[in-house]
Amino acid sequence: STISEDSLKTSLLQLECHFTWALLKEHVGLEALEETILDHIKFLAEYKIRDYNILSYVCHLKNSNEEALKSLKKAEEAIQEHHPGEIARRSLVTWGNYAWIYYHMQRYEEAQTYVSKVENSCKKLSSTADGKIQLPEIYAEQGWALLRFGGNYFERAKNCFENALKSEPDNPDFNAGYATAMYRLEGEAQRYGGEVTPCLGALKRAVELNPEDTTIAALFALELQRLQQGNEGERYIEEGLEKTPDFPVFLRHAAIFYRKKGEVNKAAGILNKALALTPKAVVLHHQLGLCYKSKVFQLKKTRYPPLEEMENLIRLAIFHFKIVIEKKPVFFSAYIDLANTYALDKRYEEAEEVFQKVLHRNDLSCGEKQEIYFNYGNFQHFHMKSDSKAIKYFIECLKIKNYSFARKRCSETVEKLLKQKIESGFGDATDIGTLGLVLNLNGRKQEAIECYERATALDPNSEEYLNALAELQLSN
């Protein structure tokens with residue numbers, strides 16, 4: 001071909017589009033993501049450009065470049081419909097995606113045509129000599145794409161929206177994106193540890209600028225609930241149920257609100273309505289499973305638990321959790337939910353099998369690993385009555401340094417188990433040494449030294465305790 005592939009690749013890497021934003025397919029369930037986007041298109045026409053662009057990228061990741069081109073054509077139609085006066089400015093991401101897809105199809109002439117379209121448009125739109133251009137709506141489009149790819153991308157998404165807001169601080173869409181990223185980041189930090197930055201202010205501002213957007217209002221309500229101001233939050237949920245009674249994205253958040261409030265039946269009713277509208281939405285299946293599971297817990301506590309109803313609810317929860325892990329294998333907390341539901345039903349072998357699947361995965365973050373060790377340790381302690389195994393997994397959790405909710409719970413439980421054993425007189429040098437290890441992992445050096453001294457007194461020949469003791473005394 002007349003075009004050198006190398007120089008084409010160099011130009012492609014300069015483009016701002018989904019192919020240059022480092023969105024990795026191993027972080028999402030492609031099938032689930034595709035369905036999410038299709039549902040979004042069905043219910044929210046005003047975001048078609050954004051949705052068809054990311055859909056084209058997802059199609060490419062699924063190895064169907066022909067489908068990807070169809071999506072881009074639809075994005076172009078939406079641009080003509082919504083922005084007839086500024087087609088070039090609004091098409092830069094779409095044209096970039098076109099160039100990349102043609103490149104992957106080895107249709108280099110066409111790829112080059114789209115590269116040139118982008119470069120020429122940027123020169124016209126740009127005020128700088130090098131023709132570089134940084135448009136706020138492109139930052140925002142990147143931000144929304146990053147949010148779609150999950151937890152690994154939330155920090156970058158926040159930065160994108162911050163950049164967009166620099167030039168248009170009052171833009172409703174940019175504020176909604178920024179607030180959403182902040183809300184997601186706070187949720188991750190609360191669950192897996194990390195810096196918690198309050199997002200209430202950002203949400204409040206986004207709600208004021210987007211009075212018709214019930215999704216952002218629902219996130220505001222959930223944040224108020226997190227801050228123990230649920231009554232105020234509920235007003236926004238009730239309002240949303242009146243404004244958009246058939247909008248599944250809002251319904252999902254409303255259901256989460258009622259489940260957390262303890263109104264499980266109401267939550268399940270809302271979720272079933274949402275599922276009727278978007279039957280393939282993985283998040284709805286997960287939420288419904290959680291509702292049925294917590295309903296079982298509620299019934300377990302009653303004086304005469306209705307066994308048949310509980311069995312039925314357990315069956316339903318298992319059914320929904322299985323759909324989730326099948327369609328979105330990276331949704332790792334659904335594995336824990338499924339395993340714990342099997343355990344509730346005394347189906348221990350199946351629970352063990354699900355735990356093993358997720359214990360052996362190598363694509364988990366530190367916080368996710370901690371959560372699995374904590375849940376598996378609990379399973380061993382409460383269901384399998386094996387405290388030695390429970391202690392082993394609680395310690396695995398503590399060895400991971402980052403501070404999370406699961407780590408805090410592991411540390412409390414394992415200390416309690418070891419102290420009970422030692423105080424009841426059944427503890428030996430090993431248990432005392434293990435307690436020393438736990439205290440040391442939790443940064444309580446002086447207490448750890450005392451434990452290792454006791455362990456050494458009971459077992460004077462143990463290299464392990466002598467070494468641990470020497471190391472601690474050096475660092476103290």
In debye, nearest 20: dipole of region 161-279 around its Cα centre with unit charges on the Cβ of K, R (+) and D, E (-)?
520 debye
Could you check how much of the accessible area of the chain is carbon and sulfur, as a whole percent, using a 1.4 Å probe?
50 percent
Taking the full set of protein chains and a 1.4 angstrom probe, give the accessible area of Glu463 in square angstrom, rounded to the nearest 10.
130 Å²
When the charge dipole of the chain is computed with +1 at the Cβ of Lys and Arg and -1 at the Cβ of Asp and Glu, the Cα pointing farthest to the positive end, of Leu219, Tyr348, Val414, is that of Tyr348
Treat every Asp and Glu Cβ in the chain as -1 and every Lys and Arg Cβ as +1, leave all other atoms uncharged, and give the resulting dipole magnitude about the Cα centre to the nearest 20 debye.
700 debye
Mind checking which of Asn65, His27, Ile49 is farthest towards the positive end of region 5-126's charge dipole, using Cβ charges of +1 (Lys, Arg) and -1 (Asp, Glu) about the Cα centre?
Ile49
I need to check one value: relative contact order of region 5-126, counting alpha carbon pairs closer than 8 Å and at least 6 residues apart, in percent.
27 percent
Counting heavy atoms of the protein chains only and a 1.4 Å probe, report the per residue accessible area for region 340-476 as a whole number of Å².
55 Å²
Could you give the Stokes-Einstein D for region 189-238 in µm² per second, using the C-alpha Kirkwood radius, 25 °C, 0.890 mPa s?
217 µm²/s
Please give the net charge around Ser7, taking every other residue with its beta carbon less than 14 angstrom from that of Ser7, where Lys and Arg add +1 and Asp and Glu add -1.
-3
Restricting to Cα pairs below 8 Å that are 6+ residues apart, what does the relative contact order work out to for the chain? Please round to a whole percent.
9 percent
Using alpha-carbon coordinates, inclination of helix 154-167 to the longest axis of the chain, degrees
40 degrees
Using Cα centres only, tell me the gap between region 349-371 and region 237-308 in whole Å.
26 Å
Specify the angular offset, from 0 to 90 degrees and rounded to the nearest 10, of the alpha carbon long axis of helix 48-61 from the longest principal axis of the alpha carbons in the chain.
70 degrees
Order Leu441, Leu288, most accessible first, counting only protein heavy atoms with a 1.4 angstrom probe.
Leu441, Leu288
Using a 1.4 Å probe on heavy atoms of the protein chains only, the accessible area for Ser386 in Å², nearest 10, reads 30 Å²
What accessible area per residue, rounded to a whole number of Å², is obtained for region 265-312 using a probe radius of 1.4 Å?
55 Å²
Heavy-atom SASA rank of Ser7, Ser64, Ser462 (probe 1.4 Å, accessible area, largest first)
Ser7, Ser64, Ser462
Accessible area (Å², per residue) of region 72-143, counting only protein heavy atoms and a probe of 1.4 Å
52 Å²
Work out the P(r) tail for region 5-126: percent of alpha carbon pairs separated by more than 17 Å, whole number.
56 percent
Computed over region 384-476: relative contact order in percent, which uses C-alpha pairs under 8 Å that are six or more apart
20 percent
Residue-level accessible surface for Thr197, protein heavy atoms, 1.4 Å, Å²
60 Å²
Treat every Asp and Glu Cβ in region 5-126 as -1 and every Lys and Arg Cβ as +1, leave all other atoms uncharged, and give the resulting dipole magnitude about the Cα centre to the nearest 20 debye.
320 debye
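The values are calculated or read from the model by the stated rules, or taken from the named source; none is laboratory data. Quantities reported herein were computed from a predicted structural model and do not represent experimental measurements. Methodologically, a virtual Cβ is constructed for each residue, glycine included, from the backbone with ideal geometry; neighbour enumeration extends over all protein chains shown. When the accessible area is computed, the model is the full protein with side chains, heavy atoms only, and any ligands, DNA or RNA have been set aside. Shrake-Rupley method; radii C 1.70, N 1.55, O 1.52, S 1.80 Å.
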